[in-house]
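Notes follow the structure.
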Amino acid sequence: METILITGGAGFIGRSVTRELLARGHAVRVVDSLIDQVHGVDPRHALPADVEFIRGDVRDGDLMARVLDGADSVVHLAAEVGVGQSMYEVERYTSANDVGTAVLFERLIDNPVRRVVTASSMSIYGEGLYRDADGALVEDAERRTLRDGQQNWEPLDVQGRPLAPLATPEWKRPQLASIYALNKYVQERTTHIMSKPYGIEGVCLRLFNVYGPGQALSNPYTGVLAIFASRLLNGQQPMIFEDGGQRRDFVHVDDVARAFADALFLPQAAGGTFNIGSGHDRSVTEVATELARAMGKNHIAPEVVGKARIGDIRHCFCDTTLAAEHLGFEARRNFGDGLAELAEWVAEQSAVDRVEHARAELEARGLVA
């Protein structure tokens, strides 16, 4: 059994990974800075009693040297998360995400571990993979200039014909459309560049839309299901940008935790980068409607804004083939059951609805078209 350091381990995903690793008999050490926007009330009570918890920032090199002492492997989750906010909190996101990762790996030079598994994101793809009307694959789809009230939000080919979205595989070239996407790509490359020369096995998991009990309901910049749930809990309409036809892949946090635990130990995972999603795509409107039904809020229809956020993409959903082949990964949690579980948990929570404030912040900076 190993001692595993989890950076950002007091967050939504980190707590689930912690429980999964403890269930497999490992010792877990968590370092987390407990940012108010993400964590709200101090979440240490949600961590099992036998977890070693250290409050601190991954950019603190002395701290990282101490917490790495005696660790056998690392799960690197610590990050500022959210596309929209990253477009105006550029220094904050880049410092926490990229500098934080650099400090971690610099300290790993003198405190090497067997393996590091870093959380990446589907956001690095930008638009997902498409096929044009002639059957050719399109990796670099772009939308025309977004404008208020436009009718067609879909990417088109050079002849103005619609493109058909496909599940996105790992070989698709990155198309970085936000500072957050850039940060996650830098974290990926840092992991792979720094691991091999120092005898460390590096693995990156590109997470799609993770959901489940324990999400930060009062953070309006990340986790679309959590944002919708917060609005519904407060009797407000879920706010949907564009026309609601955007398609995404939603994967339960329990499945994600299992993927991290497997990626830590399977020999064939070493050096790899893998998509982690459910393999099923749904429109944002479908998801908002299903969540309202699960929460008993059928009478609250989503508000379709008819505007787009700069940095958002139209369609991106998960090709799980590589993860299935190398990690044996398959999402087990049924989406309907997962929504029912989320709704039951949300009903016992309170949430500060900051969605209108977040929208105003984006509009004030010209980031809503």
Would you check which residues across the stretch 314-342 are of a type in the set (A, V, I, L, M, F, W, C) and free of Cβ contacts under 8 Å to residues at least 24 places away in the same chain and list them?
ALA324
Tally, over the stretch 54-75, of residues that are assigned to a helix (DSSP H, G or I) and surrounded by fewer than 20 Cβ atoms within 10 Å (Cβ to Cβ)
6
Is there a residue in the stretch 127-144 that is surrounded by 18 or more Cβ atoms within 10 Å (Cβ to Cβ) and under 18 Å from the mean Cα position of the chain (by Cα)?
yes
What number goes with the only condition from (1) modelled with pLDDT of 95 or more; (2) closer than 26 Å to ASP254 by Cβ; (3) among the hydroxyl-bearing types (Ser, Thr, Tyr) that SER33 does not pass?
(1)
So, restricting to helices (runs of 4 or more DSSP H) that lie completely within the stretch 274-369, which ones have at least 2 residues that are surrounded by fewer than 20 Cβ atoms within 10 Å (Cβ to Cβ), of a type outside the set (Ser, Thr, Tyr) and at pLDDT below 90?
355-364
From ALA257, ALA294, ALA301, ALA308, residue being closer than 30 Å to LEU5 by Cα, touching a residue at least 12 places away in the same chain (Cβ under 8 Å) and of a type in the set (A, V, I, L, M)
ALA257
In the stretch 36-49, anything touching a strand residue (DSSP E or B) at 6+ places or on another chain (Cβ under 9 Å), in a helix (DSSP H, G or I) and either at pLDDT 95 or above or crowded, with 18+ Cβ neighbours inside 10 Å (or both) is listed as HIS39, PRO43
Any hit, the stretch 112-130, residues being without any contact (Cβ under 8 Å) to a residue 60 or more places away in the chain and in contact with a helix residue (DSSP H, G or I) (Cβ under 8 Å, 6 or more places away or on another chain):
no
Tell me which residues, restricted to the stretch 76-101, are surrounded by fewer than 18 Cβ atoms within 10 Å (Cβ to Cβ) and aliphatic (A, V, I, L, M).
VAL90, VAL99
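The values are calculated or read from the model by the stated rules, or taken from the named source; none is laboratory data. Because the structure is a prediction, the values reported are computed rather than measured. Positions of Cβ are backbone-derived with ideal geometry, glycine not excepted, and every protein chain shown enters the neighbour counts.
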